[in-house]
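One structure is given below, encoded as structure tokens.
The values are calculated or read from the model by the stated rules, or taken from the named source; none is laboratory data. Please read these numbers as outputs of a predicted model, since none were measured by experiment. Note that we place each Cβ from the backbone using ideal geometry, even for glycine, and neighbour counts take in every protein chain shown.
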Amino acid sequence: MRRIILQEREYIKPFNEPARDLRVQNKPLWLWQRDLLVKYTTDEREYKNWEEAHQRETEPIEMLVHRDNLFFNELLIDEFVERARQGKRPVRLAFRKDDKAIAQHVLPLTHSFFEQGDLLLADMWYLPKGVAQSVEARPLVIDTESRERGYYHIPPYMATEFGDLVYQLPRKAFVLIENWVHLFIADILFGVFARGANVEDQINMDWRTKLKVLFRSVVEQRQVLSNSELVKIGNNVNIDPSAVIHGPTTIGDNVTIGAGVVIDNCIIGNNVNISQGCQLMLSVVSDGCFLPFRAALFMTTMMENTMVAQNTCLQLCVVGRDSFIGAGTTFTDFNVLGGPLRTLSQDNVLEETNLLILGGCVGHHCRLSSGLIIYPARTIESDVVLLASPERQYITKNVSYEESDHHKHKHKYPYPRLYPRKGEKTGELF
């Protein structure tokens, strides 16, 4: 089967980069898609749009067509391909509007679903006889099999209906990435959080899995959540004996984990250094990152080669590559005055996120000084430098490149701008 990739070249704010190049589950999105689809496809071709694909793809052969800004997991793509092949007719991926995971987490901030009655059509097609069949494609509805999961009990004013903070976690994940919030959903809610729920369900429902986990704990003389069945460790990893690591957790190669570190349900990439006293829960730390002592991450994504300094707290955040966040900086995640949390859309319009709590987002190649306090759902554009001062300690608004503090100290910061907005020049010196 041939894979046809349709390009989505819109930039995701505040990264100023297409979705395909951003990291999800510690992989560029394009590589995540390829790794999941390689067992079905023999070759792949990429086109700017449908028109170009129709002009150049004239062979009546089996094809899978999708946009390059889609996140999906193995269970979803397996069901879609297998059911499509069984039907032997052209189909298009679809979800019901009342699917809880889609309605609550994916539909907000998304503008590319095509509505057809009570269905939402996504940009993925199975075409058994080539792209000419795209107009004939009928909806193939997938149930994400979402489950409600909460992490902790919270005061009633934070969740007035039930008093709990709950999410809809799907077994079959799908996110159309058009906003940085969608990266948070794909990486954390539908990624590590849903993975933990899957493992929990499997242990509770399958006695063989339960026995395997218990047997491994007895043999290794470790706690149930810390054995090698649930904690996967790469090569050349140095872990202090006092560190506590609970699964399901994946740790890459050449990783150093210091004394007193606590890691719970995380993905840790290669060449990562986590110093003493750090705490990581439900987070993704990409390749080459560094966390000095007592840094804390909760439901947060760090892209590659980023550093979060000591005593810094990030909750429900997304941080781009090659960025630095200074010591003692705090990202808040709850609006104590009430009201919806809103963030910038692709059209520079503030839209509601449909999340009760949400941290901030830092773009690529940013430098944030010590002691900043960033309010919920605020974004800091790529290449920005922020210096804490009495006038600018509390970041209450989105920060653009033009508002970066380096403009006041141009001669002291001679580094090029690496991530300009679409249509702007790269390489200009700060």
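For the structure I just gave you, tell me whether Leu386 is crowded, with 19+ Cβ neighbours inside 10 Å, over 21 Å from the mean Cα position of the chain (by Cα), more than 20 Å from Ile188 (Cβ to Cβ) and touching a residue at least 24 places away in the same chain (Cβ under 8 Å). It is false that Leu386 is crowded, with 19+ Cβ neighbours inside 10 Å, over 21 Å from the mean Cα position of the chain (by Cα), more than 20 Å from Ile188 (Cβ to Cβ) and touching a residue at least 24 places away in the same chain (Cβ under 8 Å). Search segment 204-240 for residues being in a loop (DSSP other than H, G, I, E, B) and modelled with pLDDT of 95 or more, and hand back the single one that is surrounded by the fewest Cβ atoms within 10 Å (Cβ to Cβ). Only one residue fits best here, namely Asn235.
The set of residues from segment 101-116 being in contact with a Pro (Cβ under 9 Å, 6 or more places away or on another chain) and surrounded by fewer than 16 Cβ atoms within 10 Å (Cβ to Cβ) comprises just one member, Gln116.
The single condition from (1) in contact with a Phe, Trp or Tyr (Cβ under 9 Å, 6 or more places away or on another chain); (2) within 19 Å of Ser275 (Cβ to Cβ) that Gln315 fails is (2).
When you look at Gly277, is it in contact with a Ser or Thr (Cβ under 9 Å, 6 or more places away or on another chain) and part of a loop (DSSP other than H, G, I, E, B), yes or no? Judged against the criteria, Gly277 is not a match. Only residues that are surrounded by fewer than 16 Cβ atoms within 10 Å (Cβ to Cβ) and within 14 Å of Cys361 (Cα to Cα) were counted across segment 389-399, and they come to 2. The residues listed here are Leu76, Leu37, Leu121; of these, the one that is surrounded by 17 or more Cβ atoms within 10 Å (Cβ to Cβ), closer than 28 Å to Arg195 by Cβ, within 21 Å of the chain's Cα centre (by Cα) and free of Cβ contacts under 8 Å to residues at least 60 places away in the same chain is Leu37. Evaluate segment 401-410: report whether one residue or more is in contact with a Leu (Cβ under 9 Å, 6 or more places away or on another chain), part of a strand (DSSP E or B) and touching a residue at least 12 places away in the same chain (Cβ under 8 Å). Looking through segment 401-410, none of the residues is in contact with a Leu (Cβ under 9 Å, 6 or more places away or on another chain), part of a strand (DSSP E or B) and touching a residue at least 12 places away in the same chain (Cβ under 8 Å).
If you check Pro14, Pro60 for being in contact with a Ser or Thr (Cβ under 6 Å, 6 or more places away or on another chain), in contact (Cβ under 8 Å) with a residue 60 or more places away in the chain and in a loop (DSSP other than H, G, I, E, B), only one passes: Pro14. Taking the listed residues Leu291, Leu297, the one that is touching a Leu at 6+ places or on another chain (Cβ under 6 Å), buried (at least 20 other Cβ atoms within 10 Å of the Cβ), modelled with pLDDT of 95 or more and not basic (Lys, Arg) is Leu297, with no other qualifying. Residues in segment 338-348 that are in contact with a strand residue (DSSP E or B) (Cβ under 9 Å, 6 or more places away or on another chain), closer than 19 Å to Leu165 by Cα and part of a loop (DSSP other than H, G, I, E, B): Pro340, Leu341. Take the conditions (1) modelled with pLDDT under 95; (2) in contact with a helix residue (DSSP H, G or I) (Cβ under 6 Å, 6 or more places away or on another chain); (3) within 15 Å of Leu183 (Cβ to Cβ); Trp30 misses just one of them, which is (1). Output yes when any residue across segment 99-115 is part of a strand (DSSP E or B) and at pLDDT below 95, and no when none is. For segment 99-115, residues part of a strand (DSSP E or B) and at pLDDT below 95: present. Within segment 309-337, the set of residues being among the β-branched types (Val, Ile, Thr) and assigned to a loop (DSSP other than H, G, I, E, B) comprises Thr312, Thr329, Thr332, Val336.
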